[in-house]
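First up is the structure itself, then whatever we jot down about it.
The values are calculated or read from the model by the stated rules, or taken from the named source; none is laboratory data. All values reported here derive from a predicted model rather than from experimental measurement. So basically every Cβ, Gly included, is an ideal-geometry build from the backbone, and we count neighbours across all protein chains shown. Accessible surface areas use protein heavy atoms only, side chains included; no ligands, DNA or RNA. Shrake-Rupley method; radii C 1.70, N 1.55, O 1.52, S 1.80 Å.
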Amino acid sequence: MSDVYQKIARAQAEYARCIDDDRLEEWPTHFHGACVYKITTAANYRDGLEAGIVFANSRGMLTDRVSALREANIYERQSYRHIIGQPSILSEDTGEVRSETPFLVARILQDGDTDIFATGRYLDLYKLEGGEVKLNERTVVCDSSRIDTLLALPL
Amino acid sequence: MSDVYQKIARAQAEYARCIDDDRLEEWPTHFHGACVYKITTAANYRDGLEAGIVFANSRGMLTDRVSALREANIYERQSYRHIIGQPSILSEDTGEVRSETPFLVARILQDGDTDIFATGRYLDLYKLEGGEVKLNERTVVCDSSRIDTLLALPL
Amino acid sequence: MSDVYQKIARAQAEYARCIDDDRLEEWPTHFHGACVYKITTAANYRDGLEAGIVFANSRGMLTDRVSALREANIYERQSYRHIIGQPSILSEDTGEVRSETPFLVARILQDGDTDIFATGRYLDLYKLEGGEVKLNERTVVCDSSRIDTLLALPL
């Protein structure tokens, strides 16, 4: 259990580092199995709308998303910094762990200004395979309902 | 020791989650034994005023506080996100652990704007009972001296 | 390994606490061996300029820096709060560990306003000595290129 907890924390750190380093092409490789990725708002989530903003369920869809970002060339104009809190283990079954983890993403604009881009929580499903934790599903629940540019960024 | 460290980190994550999920009625159940809860500012704390803003020393007082919040209906208009750093163990005696933990609380306003609501540190006393850590006392030392609305929110 | 990971996380928490508590005179004691301390920006770092803003390679230089801060009397007018993420272990050789750790530093101005002062990552070299991790080199890579006052503060 304690071991799983630490493995999840590390997997989340690597995930965030991949985005903050602008290695977006690697981002889809953090997903395994069902490869489910959703973004929604807290308000939508309360209403049962888990995929209110973004839904993907294959690595291909995640890869397409990155390509679209690169073409739109929006992402390059700013950078991001994820600060990720302690995960809470919600359930642990044979080979499956569900966790919830708070996050804050700061955005650094080209002129140097830094603000809070998003806060929220990751609702994750990890599967244990060969002693490793593999992210199978991530639902990103953003606290704010104002999400214009969220569409651009993997969270 | 390492075990205690991780248990404290987890207890703090659950505490924060309870507040950020707006499950305020559960908040008092995170306190045990002496049930001491104080909020002060760094400036007051330096002057020995540990309970400069809020002082409670029973679950009943904490419950009353939540009732007041619900009646005032202030809390619902915004939401909060706690990001909690690594705890530092200050002392560990037989069955008692004192720790200090930095925190940042972001506030998400109804229009979607997000700002830093408070930063500071938790000065906690945990007692070990049956292999679990139980929060007995929490002094919240806020870095900022401007604390208008702090009175409204459990930190 | 897991042990080293936790030891690094704790050493980083103590380092941050030293600065946020305004115990700057102790700050140089967190460095050992080569005592290398650099601050640069992400843009400079990409260009191979690791010491774009600050460079020190002895405790004496770090101590001088603190003295200069105290004389300039700039530091006292505001306070800081470091929120440090999970470290990623980049490499682990016999007795040497390289890690990367994201951070966010909030600044609390005297009037109570709080903003994001800096975000970035620590690139650290720790040496293992007698079961302890000793910080030998820290390169602070700030995300933002606007770093006026960074010159004043240990990060």
(request) Please work out if B:Glu129 is at pLDDT 95 or above and loosely packed, with under 14 Cβ neighbours inside 10 Å. (result) no
(message) Scan segment B:31-52 and tell me whether some residue there is modelled with pLDDT of 90 or more and at positive phi.
(response) yes
(request) Starting from segment A:1-23, keep only residues that are more than 9 Å from chain C (Cβ to nearest Cβ) and within 17 Å of A:Lys127 (Cβ to Cβ), then list their pairs with residues that are open to solvent by 40 Å² or more (accessible area, probe 1.4 Å) and at pLDDT 95 or above whose Cβ atoms are within a distance under 6 Å, requiring at least 6 positions of separation or different chains. (result) A:Tyr15/A:His30
(message) Please verify whether C:Glu50 is more than 21 Å from C:Arg146 (Cα to Cα) and not small (Gly, Ala, Ser), treating the condition exactly as stated.
(response) no
(message) I need the full set of residues from segment B:118-133 which are over 13 Å from B:Lys38 (Cβ atoms), out of contact with any helix residue (DSSP H, G or I) (no Cβ under 8 Å at 6 or more places or on another chain) and more than 14 Å from every other protein chain (Cβ to nearest Cβ), in order please.
(response) B:Lys127, B:Glu129, B:Gly130
(message) If I ask for residues that are hydrophobic (A, V, I, L, M, F, W, C) and within 14 Å of chain A (Cβ to nearest Cβ), which ones from segment C:24-51 would you list?
(response) C:Ala42, C:Ala43
(request) Might you check whether a residue that is open to solvent by 10 Å² or more (accessible area, probe 1.4 Å), under 20 Å from A:Ile89 (Cα atoms) and touching a Pro at 6+ places or on another chain (Cβ under 8 Å) occurs anywhere in segment B:15-35? (result) yes
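For every residue, the table says whether it meets (1) surrounded by fewer than 21 Cβ atoms within 10 Å (Cβ to Cβ); (2) under 30 Å from A:Arg81 (Cβ atoms); (3) in contact with a Phe, Trp or Tyr (Cβ under 9 Å, 6 or more places away or on another chain).
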| position | (1), (2), (3) |
| --- | --- |
| B:Asn44 | yes, no, no |
| B:Val54 | yes, no, yes |
| B:Val66 | yes, no, yes |
| B:Arg77 | yes, yes, no |
| B:Ile89 | yes, yes, yes |
| B:Thr94 | yes, no, no |
| B:Arg146 | yes, yes, no |
(message) If I filter segment A:134-144 down to residues being open to solvent by less than 20 Å² (accessible area, probe 1.4 Å) and part of a strand (DSSP E or B), which single residue comes out as farthest from the other protein chains (Cβ to nearest Cβ)?
(response) A:Asn136
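I'd like the residue in segment C:104-115 that is modelled with pLDDT of 95 or more and facing another protein chain (nearest Cβ under 8 Å) and, out of all such residues, is surrounded by the fewest Cβ atoms within 10 Å (Cβ to Cβ).
The qualifying residue surrounded by the fewest Cβ atoms within 10 Å (Cβ to Cβ) is C:Ala106.
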(message) Report every pair of residues separated by at least 6 positions or lying on different chains whose Cβ atoms are under 8 Å apart, first residue within segment B:119-147 and touching a residue at least 40 places away in the same chain (Cβ under 8 Å) and within 16 Å of B:Ala16 (Cα to Cα), second of a type in the set (A, V, I, L, M) and open to solvent by 60 Å² or more (accessible area, probe 1.4 Å).
(response) B:Lys134/B:Leu128
(request) Considering each residue of segment B:1-39, count those that are closer than 19 Å to B:Ile83 by Cα and not in a loop (DSSP other than H, G, I, E, B), and give that number. (result) 20
